[in-house]
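Inspection log for the structure reproduced underneath, given as C-alpha cells.
Read-outs throughout are calculated quantities, based only on the coordinates presented, and are distinct from any laboratory measurement. Remember, predicted model here, so these are calculated numbers, not experimental data. Neighbour counts run over all protein chains shown; Cβ positions are idealised from the backbone, glycine included.
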Amino acid sequence: MSGRLVIAIDGPSASGKGTLAKRIAAHFRLPHLDTGLLYRAVGVKADRLAQPPEDVAAGLQPEDLADPGLRTDVASQLASQVAVLPQVRANLLNFQKKFASQSAGAVLDGRDVGTVICPDAPVKLFVTASADARAERRFQELRGRGVDTIKPRVLAEMAERDRRDSERAAAPLKAAPDAFLLDTSDMDADAAFAAALAFIERKGFRSSGP
Ligand code: DC
C-alpha cells in the first residue's frame with residue numbers, strides 16, 4: 001500500500017454508502033465509522049431528555065451509539081434536524097478527526113467526510129443514486145423490517161431530509177472536487193463494491209491480505 005489509507009465516503013441516504021463502507025473496511029481491514037450514527041444519537045438523546053443538542057453532542061457517550069432506536073425513520077429526521085446546528089457539528093468534529101487519524105488508517109462514511117472531516121483523505125468516494133432507486137431500497141428495507149409504510153411516503157421523507165442536508169449552511173452534503181462519483185442506481189452491492197475497489201486500486205492501494 002502507498003501511505004496511510006483513509007477512505008472518505010459521502011452521499012445521500014440509501015445511496016448504498018453504508019454497505020459499501022463496511023465492505024471496503026473489511027476488505028482493507030480498516031476501522032470504520034458511520035458518522036451518521038453520531039448525529040442520530042445526538043438527535044434521539046436530545047429529544048428524549050429534552051436537552052440542547054449542542055450539550056448532548058459535547059457529552060456523547062459510546063453507549064449512546066448502541067441504542068437500537070437509532071435506525072428508525074424518526075431518528076433519521078431528528079438526526080438531520082440537529083445536523084444543521086453548527087455547534088453540534090463542531091462538538092462532533094474532534095472525535096471524527098481522531099478516528100480518522102488512527103495509525104492503521106480508517107474508513108468514514110457520512111455527508112461531509114471528504115469536504116470537512118478528512119479533506120486530505122487520499123481516497124474519496126461520493127455515492128449517489130436516483131431518488132427513485134434510493135426510495136425503493138429504503139422502502140424494501142423498511143418492509144423487510146416489518147414497518148408498515150408506502151413508497152410515496154418514503155420518497156417524500158427522503159426528499160425532505162436530502163433538501164435539509166444539502167441546503168444547510170454548515171457543511172452541506174456535497175461531493176469534494178476530487179471525489180470519485182459512483183452512481184449506484186443500476187448497481188447491486190457487489191457491482192458498487194467492484195467499481196469502488198477498482199478506483200481505490202488505481203490510486204495505488206491494495207489489501208495486504210490473502
Ligand atoms: O447517514 P445517515 O442517514 O445515518 O445520517 C443521518 C443524518 O445525519 C443525515 O440526514 C444528516 C446527518 N449527517 C450529517 O450531517 N453529517 C454526517 N457526516 C453524517 C450524517
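A few notes on this one:
- Full extension of the chain segment joining Glu63 with Arg164 gains 33.6 nm, where the gain is 0.36 nm per residue of separation less the Cα-Cα distance.
- Using only side-chain charges placed at the Cβ, +1 for Lys and Arg and -1 for Asp and Glu, the dipole size of the range 86-138 relative to its Cα centre rounds to 120 debye.
- DSSP H segments from the chain that extend 18 Å or more along their own axis, Cα-based, with Kyte-Doolittle mean of -1.0 or above: 36-49, 86-100, 189-202
- Rg/Rh for the range 148-188, where both radii come from Cα atoms and Rh is the Kirkwood radius: 1.08
- Rg ratio for the chain: its Cα radius of gyration over 2.2 N^0.38 Å, N being its residue count, equals 0.99.
- The range 75-196 shape via C-alpha gyration tensor axes, a/c threshold 1.5: oblate
- The alpha carbon centroids of the range 60-133 and the range 165-210 are separated by 15 Å.
- Using C-alpha pairs below 8 Å separated by at least 6 residues, the relative contact order for the range 1-148 is 45 percent.
- Inter-label distance for Lys203 and Lys174, nm, one decimal - labels placed 7 Å from Cα along Cα-to-Cβ: 2.1 nm
- Residue (of Met187, Val147, Ala135) at the positive-pole extreme of the range 115-210, dipole from beta-carbon charges: Val147
- Counting only Cβ charges, +1 for Lys and Arg and -1 for Asp and Glu, the dipole size of the chain around its Cα centre is about 360 debye.
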